Every structure is written in structure tokens, then in C-alpha cells.
1. Can you work out D for the stretch 251-314 in µm² s⁻¹ from Stokes-Einstein, where Rh is the Kirkwood radius over C-alpha pairs, the temperature is 4 °C and the viscosity is 1.567 mPa s?
2. May I ask you to evaluate 6.51 cos²θ - 1.76 cosθ + 1.60, the Karplus curve with θ = phi - 60°, for each residue of the stretch 263-277 and list the ³J(HN,Hα) values in order in whole Hz, giving x for glycine and proline?
3. Tell me, what is the FRET efficiency for residue 382 and residue 348 to the nearest 0.05, using R0 = 30 angstrom and their Cβ-Cβ distance as r?
4. Share of antiparallel DSSP beta bridges in the stretch 227-358, in percent to the nearest 5?
5. Give, as ranges by residue number, the residues of the stretch 166-200 whose backbone N falls under 18 Å from the point 7 Å along Cα→Cβ of residue 154.
6. Quick check on packing: order 188-196, 89-97, 344-352 by the mean number of other C-beta atoms within 10 Å, highest mean leading.
7. Separation between the residue 277 and residue 131 pseudo-spin-labels, each 7 Å from Cα along Cα→Cβ, expressed in nm?
8. Please figure out what share of the DSSP beta bridges in the chain is antiparallel and state it in percent, rounded to the nearest 5.
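The values are calculated or read from the model by the stated rules, or taken from the named source; none is laboratory data. Computed from a predicted model, the values in this text were never measured in an experiment. We place every Cβ from the backbone using ideal geometry, glycine too, and count neighbours over all the protein chains shown. Just so you know, the surface numbers come from the protein's heavy atoms only, side chains and all, with ligands and any DNA or RNA stripped out. Shrake-Rupley method; radii C 1.70, N 1.55, O 1.52, S 1.80 Å.
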Amino acid sequence: MNKSSHVVILAGGQGLRLWPWSRKGRYKPFLPILGDKSLLQSTLQRALGLVPPDRIHIVATADVKCDVGPFHWILEPEARDTAPAIYHATRQIQNSDEEATILVLPADHMVFDTDPFRRGMRKTIDAVIENPERFWLHGTHSPLDRSFGFIIPKDQQEVAGVTRFEEKPDLQLAVSLQREGALRNTGIFCFRATFLIEQFKRIIEDSKSTSTLETEQVPAISIDHFLIKRNDFVDRLLVRQMDYRWSDLGTWSSLRKVFKSDTYGNVMINDLDPEEDVDRIQPGEPMLIRSDRIQIDGDGSRQVICVGVNQANISVTQNHIKIAAGDSSTNCDGLVDCADLLVFRQGDIQMSIHGVRGGLVAITQDVVLVASEDEISSEGIREVLGTLSSRSEGGTRGRLGRG
């Protein structure tokens, strides 16, 4: 491998849809989702198959920096999305290596087939070294998922030019694009450092004159919006069609791909060693969002949140959580008459859950969250965080949402 090849790992993703497991102090890339390894550690292992440790760079803010090995940390003053993050890292690397070729990897992907992944990445790095005036994307044929960008290749060869790039299209457009053979964007990019810096300067100078482009001048948006989807850049794009299986594990529902289920489809995730130094929620009145007929008996030890739940009885004490769907009640420990339920539990808190079908029950040291399957697969968790933020700013502990 060329001595000017570098890997940049974007580790600033907050993983908000995995709240309350992922939160400030322990974001998604650092969670022990893969047993004894975090997603970041797994990504670092893949990177080591491409370049040595001194050419692996982790991009994040200072508050998430931790000891993960002999790698370089490139610290952002604040998390401002992928366009400024990638530009900031590229400038730092290019300052010490003028010939740098950079492969950008997300820190929070799970890759099921590492051999074809590494083979494809090596081919791309070699291609950039040979022709540094192109920006490389990587795409896969995957089930319809509008939370990713869609790459429309000019043909179905392993390497193709790009006709257009659509970032998170609406449903009608997504279905149409998939029929055209669109690929799902993996968020993995490769380019020559000098080429990327020139393109960023060109775009910024369209509206303002500057001799040296500082990271602070780059808009706080994704590189997909800032650069890749531009009509005046599409001719510079190439896409490699990859055949490895992957997931960004971006929602609670996606964790079913990682954790084993019981006979009834229930998945239990136990975080027996929770991080103590995380932002905690100050318990207040129960929060009911799109939820009806909820009976709550709580001692104030945890914030109770229901999202998309209809008819349930919830009892909360410091050491025991009881949740029963409908009019039923339960005193039996564990899961009783539950199916397709995802349960997340921190510590060794006792729990009794009866009759819940699908969705999520998350029990942490400060929160009891009960959410329907539809809500954890969409934007329900983000809405919870927005409501909590509004409550904190407003200084109210009153009931929020629709009961």
C-alpha cells in the first residue's frame, strides 16, 4: 500500500435514535454493541487491514476522545456535520503529507463481510493514486431505506460514473430510483487531499473571496449536500459497486441484526457496566407522546416516557420496573407473554414485563422508555429528545406531549 495512504474515521456521530443508550458521554461509536468490542474498535480493525496505525486518524470532539490504541486523534472544536469534519481532517493530514490519499470511513458501521470490503477499498485507493482528479463513492444494492443517499450509476459495472446523487429522497422518488438500479450510499469516500481542498475552496469562493479557507468557513452541513449532490461536481464522481453486507445500526430496530432473539422473537440487551460519566435526565412528570390510557405509579427515581403506546400499566421504583400491556398486571420477573419485544436494561435492575408486543422497553439508571415499533423505526426518539430539551430550557416539569 502507498505510503501516502491515510484512513480517516468519523467518530462524531451521536446516534440519537439509540437514545437513551447513546448519549453525551457515551455516543454510539463507543457503545459495546458488538459484545466485547465497540463499533469504533471494529472499524479500527478494518482500517488496520489497509494502512498502519500511524496513518489512521479519528475525528471527533475532545469530549469523546479516549484511549483506543496508537492512532491519531484529530479534534474538532465542535461537531458541525461531515463537510467541516472531513475538510478539517484533510487539511491537517495534507499539511504533513502533501501527497496524501484519504479514505473516509464512518466509525459506526457493522460490516459482515470484511474480506470483500478490504479488497474493494484497496482497489479504490490505488485508483485515486492513479487518477487524483476523481472523488470516489461506494454503494451497495440494499433494501429500500430512505435514510441514506441514493447513487444513480451510469451503468451496472463494478466501477461507473454517476448520473446523479439524491440525498434521502422521499418515498415516491426512492422507489423510482431503486427501479433504475440506484445504489445505497455507504458514506465511504476516497480522494486526493489536494483535490478535495481545491473543490471546497472553489465552492466557497463562488460567494466570497478568500485566500485560505478555514474550517469555520465551511457550512455546518453534510458533505453530501455541500459537495456530492452538486450538478457541477457530478462529472468528478465515480462509484464502486460493493457486494459486502453492512448496517449502520442507526435505530433500535436495527439491533435485532446483532443480538440473538428468544423463541418468541424477543431480544434482550444487558449493559452490565454502564458508563457513569454521561448526561443524565432530571426526572419530572411522565412524558406521553401519541400515547393513551397509560397508568403510571412512580417513585420519581426515573423519567417515564411513552411514545406511541396505547393502554399500559407502569410501576417504577428504584429497584423494580413493572410494565403490563392492556389491563393486565404482573408480578413475575422477566418477560411474560411478550413477543418481538426489544428490551434494553442497564445494571441489574429487576423487571417484570407482561403482554408487550413489539417495540422497545429501555430501562436505564435515569429513564424508563416504552415505545412502539413504528416509533423506534422512525423519528419518535428524536422527538423525545426535542421535547426533553424544550422542557429543560423552559424550566418546567409539567406533562408534555399528548396523553
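1. In µm²/s, the coefficient rounds to 89.
2. Working through the residues one at a time gives 4, 9, x, 7, 10, 10, 10, 10, 9, 7, 10, x, 5, 7, 8 Hz.
3. 0.50
4. Around 20 percent of the beta bridges assigned by DSSP in the stretch 227-358 are antiparallel ones.
5. Residues 166, 181-183 fall inside that zone.
6. 188-196, 89-97, 344-352
7. Computed distance between label sites residue 277 and residue 131 equals 4.8 nm.
8. Roughly 35 percent of the DSSP beta bridges within the chain come out antiparallel.
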